[in-house]
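J.: I am attaching a structure below and will ask some questions about it afterwards.
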Amino acid sequence: ISRAVIVVLKARNLIDKYFWKQDVFAQVKLNGDAKRTQVDVKGGQTPEWDEEIRVPILKDAHERNRKLEVSCWAKEPRKEENIGTGIVDLTETLKTGEFDDWVRLDVSGVVRGEIYLEMTFFANAPAPAGLPTASGNLQRRPSKLSPADRLARPQQREHLPLLTQPKTQPP
């Protein structure tokens, strides 16, 4: 058994159908094993987690076992609502050892936002049959996001009351 280390960094443009900012968590599922992040309270449309999740990669790595399902959920008082789900094919990650990108989330084909994942594959043995092995040692490549953008939320407009200026009459 090998391991994939998945850093669930953040999400953007999530659908938020409430008047308040939703509490959001992410979930990754592989081979029926589901793991979730902590809830980003009032994460709204741009939650951040920066959480590491480790998942086992089975030795046979059959095609059906190479699909990582990632989803975002709104945690509400009485239920958890699926905001959107995306699928990542791990075949390329098993070859290169790395994945670092935005994953589209949708429900019934309707885009509901994106989630950013950074994955690293650590093999305990050679790559599963049918996959060429990566040459050289496994080394972490730089993130596609700049350090300033890696964990920065978009600027939020402050909801300030409008100040009324006294109108002056022109001379």
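J.: For region 2-123, take N as its residue count and report Rg(C-alpha) divided by 2.2 N^0.38 Å.
T.: After normalising by residue count via 2.2 N^0.38 Å, the value is 1.04.
J.: I would also like to ask the following. Once you put a point 7 Å from the Cα of residue 51 and another 7 Å from the Cα of residue 21, both along the Cβ direction, what distance in nm separates them?
T.: 1.7
J.: From the backbone phi of region 93-98, what are the Karplus-calculated ³J(HN,Hα) couplings (6.51 cos²θ - 1.76 cosθ + 1.60, θ = phi - 60°) in whole Hz, Gly and Pro given as x?
T.: Those phi angles translate into 5, 5, 6, 8, x, 9 Hz.
J.: Could you list 9, 58, 105 in order of exposure, starting from the residue whose Cβ has the fewest other Cβ atoms within 10 Å?
T.: Lowest to highest Cβ neighbour count: 58, 9, 105.
J.: Suppose R0 equals 35 Å. What FRET efficiency, 1/(1 + (r/R0)^6) with r the Cβ-Cβ distance, do residue 124 and residue 12 give to the nearest 0.05?
T.: 0.55
J.: Would you please name the trypsin sites (Lys or Arg not before Pro) within region 1-97 that are DSSP coil residues with at most 13 other C-beta atoms within 10 Å of their C-beta?
T.: Loop-located and lightly packed - 17, 42, 59, 78, 79.
J.: Considering only Cα-Cα distances, which of the following residue pairs are longer than 21 Å: 10/42; 17/67; 42/67?
T.: The pairs that break the limit, which is 21 Å between Cα atoms, are 17/67; 42/67.
J.: With a 10 Å Cβ neighbour count serving as the proxy for reagent exposure, in which order, fewest first, do 23, 89 appear?
T.: 89, 23
J.: What is the spin-label model distance, in nm, from residue 5 to residue 75 if the labels are put 7 Å beyond Cα along the C-beta direction?
T.: 2.5
J.: Within a 10 angstrom radius of the beta carbon, how do 92, 98, 76 rank from fewest other beta carbons to most?
T.: By the 10 Å Cβ count, ascending, the order reads 76, 92, 98.
J.: A further question follows. Below 8 Å, C-alpha to C-alpha, sequence gap of six or more: please give me the relative contact order for region 2-123 in percent.
T.: 32
We did not get these values from a lab; they are worked out from the coordinates using the rules stated. The shown structure was predicted, so the numbers you read here are calculated from the model rather than taken from an experiment. Don't worry about glycine lacking a Cβ; one is built from the backbone with ideal geometry, like all the others, and counts go over all protein chains shown.
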